[in-house]
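A.B. asks: Below you'll find the structure I mean.
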Amino acid sequence: MKLKNVLLLEPINTPLEVLTKDQNISNTSKKNLLIYAIGLIYRKYRLRLISLHSIPLGLAQLSSIAKQENIETYHIPFILDATKRYINDDEIKRKIRAFDYNEVWMTIGSPEAAHESFRYANIIKEVNQATTVMIGGILPSMYPEYFLKHSSIDQLIRGPAEIAIQQYIRNPSLSERKHIQGFCFKSSKGKIIVSPYYAVEPDLSKIPPYDFEGLCINEYMKDNHFCNIQASRGCPFNCPFCAHANFWGLEAKFRPLSNLRQEFKILEEYGCKGGYLVDSTFTLNRQWLSRFVEMYEEADIQIKLMFETRADSFTDDIAKLTKRMNPFFVWFGAESGSPQVLKKLNGKDHGNGYQHAKNLLNAVRTAKKYDLLCGSSWVIGLPGENWHSVQETKDLIFKLDGAGMDIADIRILQIFPGTPYWNDPNSWGLKIFQTEEISTTDSPWDKYAGHETEEMTANEIEKAAERLKNELFNHYLTKNKTLQGKRKIKIVS
């Protein structure tokens, strides 16, 4: 059957903790640092974010490409309901029956969404067994066989899907499609065929802007005026734990400023007030960053932005430049406060592991000089981790806190297929318990260690991370009361 119409879905049913009217950070049901950060943003900028869910960018990009090929697309924003309540099978079935489509394309970005994709795929097949179900995203790219083993999932694209989707649409027969790089499928006899390579990386200058309007932007902006934004792809640093290098590549590539200007204007038209730049390398190319800021000013864009950067690249010059956009948050990848851990981590190993702490301290002070909220992300369980190194991380976090850092986020190291840690764990001093499947725990996936270091068991890594996270949360509650007196951070819906 010739492809005519596609239904685009983001399978999710994990209710997110959100701030509602009159709720405050002191009585949230979980010790959620994200909620605390949202409270900080509101207190400083009166920017009302209920949560940080967003239009799925991957689907918005595929929608624009499909429409260029004369394929009609539809989208159901299930996430907007899933943030509030459980969505049962009958509701999913009723909503997808309202559309006419040949295929369903789903994007999967978390283990929770991965498990939900199986339920959604089963429901799609119940409605019409002949419907083709294709999935993509970072997890399917890493675990293709895991997903294709499921009877209701037919096809999968590994890596950035733009070129593969164009070829897929233009070549309707399986005999033609099986040669598409990154395309994975099941043969007529049920054999799983996995492409050994990720899809061809696209020339970003030739890709159309995101189809925000086709992705129900009015629904996404109705209760939460926030959207993720991508200005560049790729990262040259190739950190051994990072899966993004496999997916986006090691070369930093920048999207056309004309596309970004058009997208910002559409977002503003629908009421967007805040955006998160998901780029790994947003501030690394000073020349491109300068052009981005000029575009932002010339277009008179009022959306406040949050972005990530490396501490060693957040110089006074870069901070002064980004300040012209009036950003509401800058985030630093800290990873560890232990020199013995950092000296084993390429990109953070300068000065035998000691320089990184100095870079972080300078970056925080620079952020405060320009009156920017700033935070950092930390990883427990890296090679060389032990109880002493965890204490060193804690000490550095509180030192940065004293210098003005607003928040620190604690994660457990996750080891993904294709990364250096996965490919050769022994040389890094790691023992991996994970398999080619995704953890099925009912708790958040990033709370569990699937590995151990030479000096810490998986259980000890989990305990250390949870202990530090709890200590930080309690510190922030006390700090908030000190800053605000009897007032509490509130988000008004």
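Bear in mind these aren't lab numbers, they're just calculated from the coordinates by the rules spelled out. Keep in mind that this is a model prediction, so the values were computed, not measured. Every residue, glycine as well, gets a Cβ built from its backbone with ideal geometry; the counts of neighbours run over all protein chains shown.
A.B. asks: Helix-derived [θ] at 222 nm for the chain: sum -39500 (n - 2.57) over DSSP H runs of at least 4, divide by residue count, nearest 500?
C.D. replies: Taking each H run of at least 4 residues, the total per residue is -11500 deg cm²/dmol.
A.B. asks: Follow-up. At a 10 angstrom cut-off on C-beta neighbours, averaged per residue, how do the peptides 272-282, 345-355, 109-119 rank from highest to lowest?
C.D. replies: Taking the mean over residues of other Cβ atoms within 10 Å, the ranking is 272-282, 109-119, 345-355.
A.B. asks: Given the Cα atoms of the stretch 92-175, and with Rh set as the inverse mean 1/r over their pairs in the Kirkwood sense, what is Rg to Rh to two decimals?
C.D. replies: 0.95
A.B. asks: Sorting check: for 313-321, 330-338, which peptide has the highest mean count of neighbouring beta carbons within 10 Å, and how do the rest follow?
C.D. replies: Sorting 313-321, 330-338 by mean packing, highest first, produces 330-338, 313-321.
A.B. asks: Considering only DSSP beta bridges with both partners in the chain, what is the antiparallel share in %, to the nearest 5?
C.D. replies: Within the chain, antiparallel bridges account for around 20 percent of the total.
A.B. asks: Moving on. Under 13 Å from the Cα of Lys368, which aspartates and glutamates turn up, not counting those fewer than eight places away in the same chain?
C.D. replies: Asp316, Asp401, Asp406
A.B. asks: Now, a different point. Computed from the coordinates I sent, percent of Cα pairs over 42 Å apart equals one of [x] 34; [y] 15; [z] 19. Tell me the label.
C.D. replies: Working out percent of Cα pairs over 42 Å apart from the coordinates points to [y].
A.B. asks: How large is ³J(HN,Hα) for each residue in the stretch 378-394, as worked out from phi by the Karplus curve 6.51 cos²θ - 1.76 cosθ + 1.60 (θ = phi - 60°), to whole Hz, x for Gly and Pro?
C.D. replies: Couplings: 10, 10, 9, x, 5, x, x, 5, 8, 5, 5, 5, 5, 5, 5, 4, 4 Hz.
A.B. asks: Anything over 22 Å Cα to Cα? Flag those among Lys344/Lys479; Lys44/Lys304; Lys84/Lys222; Lys44/Lys394, in the order listed.
C.D. replies: Checking Cα-Cα distances, Lys344/Lys479; Lys44/Lys394 exceed 22 Å.
A.B. asks: Let me ask something else about it. For a quick check: with amide H placed at 1.01 Å from N, whose amide H comes under 5 Å from Thr73's, ignoring anything fewer than 5 positions away on the same chain?
C.D. replies: Val6
A.B. asks: Continuing with this model, one more query. So what is the diffusion coefficient of the stretch 173-318 in µm² per second by Stokes-Einstein at 37 °C and 0.692 mPa s, using a Kirkwood Rh over Cα pairs?
C.D. replies: D = 185 µm²/s.
A.B. asks: If you plug each phi of the stretch 184-195 into the Karplus form 6.51 cos²θ - 1.76 cosθ + 1.60 with θ = phi - 60°, what whole-Hz ³J(HN,Hα) values come out, in order, with x for Gly and Pro?
C.D. replies: Using θ = phi - 60°, the values come out as 10, 7, 10, 6, 4, 9, x, 6, 7, 10, 10, 5 Hz.
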